[in-house]
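Notes follow the structure.
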Amino acid sequence: LSDVLGENEAARWVPADPATFVPSHFNPGDLVSFVVPTASGVTLAENGTGEPLPSVTETLGPFEILALGDRKGRPELLKARGVSAGQENKIAIRVKVQDGRLADPKAERLFNLLHLSGTKGVEVMLYSSQKPTPAP
């Protein structure tokens, strides 16, 4: 992956939720956003219902996919070469860095929320390749 990264760029990995993510619909070069929980479902004792609070989420992106697991190309090309794709629910994305730190506030927020959630898998939103790039 280091060959496709520019100066002041790095690859970071985001775990996708295997219950909602279909890797075959995603390819390197695609633009995606991540739907990340900002609060966990906590039982609210004072309401007496014992029902969990709904999780609150935040959508962060867009980010460019560099690889899905060890796949750096389209799945049909791998299949034609007789290569099976491995676990693809780890998504490598391109991020900006400066002085060894994330230089993009949305990337910094994404990885802070992932850390707080225990690095659980997140939902992935795919953008159309037919439309202009979404605003960051």
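The values are calculated or read from the model by the stated rules, or taken from the named source; none is laboratory data. Since we're looking at a predicted model, the values are computed, not measured. Counting neighbours? That spans all protein chains shown, and the Cβs are built from the backbone with ideal geometry, glycine included. Side chains are part of the model used for accessible areas, which takes the heavy atoms of the whole protein and leaves out ligands, DNA and RNA. Shrake-Rupley method; radii C 1.70, N 1.55, O 1.52, S 1.80 Å.
Right, Gln87: loosely packed, with under 13 Cβ neighbours inside 10 Å, at pLDDT below 95 and not aliphatic (A, V, I, L, M) or not? Yes. Would you please name the residue that is nearest to Gln87 (Cα to Cα), looking only at residues in the range 1-12 that are loosely packed, with under 14 Cβ neighbours inside 10 Å and not acidic (Asp, Glu)? By that ranking, first place goes to Leu1.
Would you mind finding the one in Thr57, Thr49 that is open to solvent by 50 Å² or more (accessible area, probe 1.4 Å), modelled with pLDDT under 90, touching a strand residue (DSSP E or B) at 6+ places or on another chain (Cβ under 6 Å) and more than 21 Å from Gln87 (Cβ to Cβ)? Outline the logic, then answer.
Values: Thr49 fails: touching a strand residue (DSSP E or B) at 6+ places or on another chain (Cβ under 6 Å).
None of the other options fit; the residue is Thr57.
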